[in-house]
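Below is one structure, written out as structure tokens; the observations come after it.
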Amino acid sequence: MKILYSAIDQVVPGTIGGSVHVTAVAEGLAALGHEVHVLVTRGDGPFPAGAVRWIAMSPPFGANQFRWTRRIAVKRIAERIHPDVIMERYYNFGGEALVHARGLHALAVLEVNAPVIDHPGSVKAVIDRALILRPMQRWRDRLCTAADIIVTPSGAILPDGTPTSKVLELEWGADTDRFHPGAAGPVPFAPPGGTVAVFAGAFRSWHGAIHLARAMRALGDRGRTGISVLFIGDGPELPAVRAEAAGLDNVVFAGAIAHDRMPAALASAHIGVAPFDITAHRPLSLGFYWSPLKIFEYMASGLPVVAPAAARIHRLVEHGREGLLYDPATSGSLAASLAQLADAGLRERLGAGARARAVRDYSWQAHCRKLSDAFAASRAPSESRT
């Protein structure tokens, strides 16, 4: 099949989760024999080599709110390609590709990574109501109605009344061939000593990195010095995390690193930490709708995962089998989980369980196979009528 994938608000090559996701899905579908054309914002450096046909296209002025204004340019490209499938990464002000699917007799696929519905207290919802006709809600509903398939980690973030028959619930994933316990390669940092816990992320408040820094300080206060932390990434909360870790000599900040260096970086660690703070992000009041890339890459790397026992995280990581889930409401619980994983035998057992689960359930290959099968099944009825 020919597939046109529009994700123009994502930067490729890039280091954040969205960039990795788009690249992995595009390459995974191409590996299955599909002809894949992808619209993205060009990052620093050349597009990834391989079978995927990358097309540079960014929102006007770099503002995602104007994504929909690219619809004419996208239509010209779609008319030239004649895709069998038009897939678009959802954004409230998007629709630049999906709106052309019906006219081109293409399957319309909406990839939903964030809530389509408004969370309680949403400023956007207040503005929408003030506009009387609720244009933003109406547009979101129109996109969901136009989609033949909606692929998402959680159907709970879709509008009420969305037919379950068009919803494909899929976790995102990890490249389990590249991320594995023995991954080797140069890393742009000196790994800290002892048992190394790693946090890799974008340093937003709800990623909870500051809680890991506080846990390290608590361990130091108790005289537990055999555990160190490697922070990888950049973002708005990084200064606060650095301040919290000031004076701790067992904490290393590596900064943002290219995704192709991440397998070796994670393989240099012993524990993967995902200390999400659900209370710090209002949309998460709708539920933990994320399919967290960091957790899947930790697991693929054979790292036991330490994460809060909140929302649906317990479905992603089985406590005592693939990692340790702590109670975020209990003071010192994160630090206690880290201390427990000073036991090498426990780390090895949980890490092996995490790796096995990642290969079975969270590989990009598995994700793309299910996606491809859904495309074929949805196109079959229309093709039989032609």
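The values are calculated or read from the model by the stated rules, or taken from the named source; none is laboratory data. Remember, predicted model here, so these are calculated numbers, not experimental data. Heads up, the Cβs are rebuilt from the backbone with ideal geometry, glycines too, and the neighbour counts pull from every protein chain shown.
Residues of the range 2-50 being among the hydrophobic types (A, V, I, L, M, F, W, C) and either part of a strand (DSSP E or B) or not assigned by TED's automatic domain parsing to the domain that holds GLU79 (or both), which ones?
Initially, the range 2-50 is screened for residues among the hydrophobic types (A, V, I, L, M, F, W, C), giving 3-4, 7-8, 11-12, 16, 20, 22, 24-26, 29-32, 36, 38-40, 47, 49.
Across the range 2-50, the qualifying residues are ILE3, LEU4, ALA7, ILE8, VAL11, VAL12, VAL36, VAL38, LEU39, VAL40.
Considering only the range 39-62, state which residues are closer than 8 Å to VAL12 by Cα and either without any contact (Cβ under 8 Å) to a residue 24 or more places away in the chain or surrounded by 19 or more Cβ atoms within 10 Å (Cβ to Cβ) (or both). Correct list: VAL40 only.
The listed residues are GLY33, GLY50, and the only one of them that is out of contact with any Cys (no Cβ under 8 Å at 6 or more places or on another chain) and under 22 Å from HIS259 (Cβ atoms) turns out to be GLY50.
Looking at HIS281, HIS270, can you tell me which residue is more than 20 Å from THR195 (Cα to Cα) and assigned by TED's automatic domain parsing to the domain that holds SER333?
Working: HIS270 fails: more than 20 Å from THR195 (Cα to Cα).
Going through HIS281, HIS270 in turn, the sole match is HIS281.
Using the structure shown, decide if PRO192 is touching a residue at least 12 places away in the same chain (Cβ under 8 Å) and closer than 27 Å to ALA26 by Cβ. So that I can check it myself, show each step before the final result.
Details: touching a residue at least 12 places away in the same chain (Cβ under 8 Å): yes; closer than 27 Å to ALA26 by Cβ: no.
No; evaluated as a whole, the condition is false for this residue.
Please indicate, with yes or no, whether at least one residue in the range 297-318 is of a type in the set (Lys, Arg) and touching a strand residue (DSSP E or B) at 6+ places or on another chain (Cβ under 8 Å). No: zero hits.
If you take the residues of the range 280-308 that are of a type in the set (Gly, Ala, Ser) and modelled with pLDDT under 95, which of them is nearest to the chain's Cα centre (by Cα)? First the steps, then the outcome.
Of the residues in the range 280-308, the ones of a type in the set (Gly, Ala, Ser) are 280, 285, 287, 291, 300-302, 307.
Keeping just the survivors that are modelled with pLDDT under 95 gives 280, 285, 287, 291.
On the way: ALA280: 18, SER285: 18, GLY287: 16, SER291: 6 Å.
Here the answer is SER291.
For the range 65-97, residues that are surrounded by 15 or more Cβ atoms within 10 Å (Cβ to Cβ) and touching a strand residue (DSSP E or B) at 6+ places or on another chain (Cβ under 8 Å) total 19.
For the condition basic (Lys, Arg), in the same structural domain as TRP139 (by TED's automatic domain parsing), modelled with pLDDT under 95 and over 18 Å from ALA376 (Cα atoms), what is the one hit in ARG67, ARG53?
On the way: ARG53 fails: modelled with pLDDT under 95.
The match here is ARG67.
Of the candidates VAL25, VAL20, the single residue that is surrounded by 20 or more Cβ atoms within 10 Å (Cβ to Cβ), of a type in the set (A, V, I, L, M) and farther than 22 Å from LEU104 by Cβ is VAL20.
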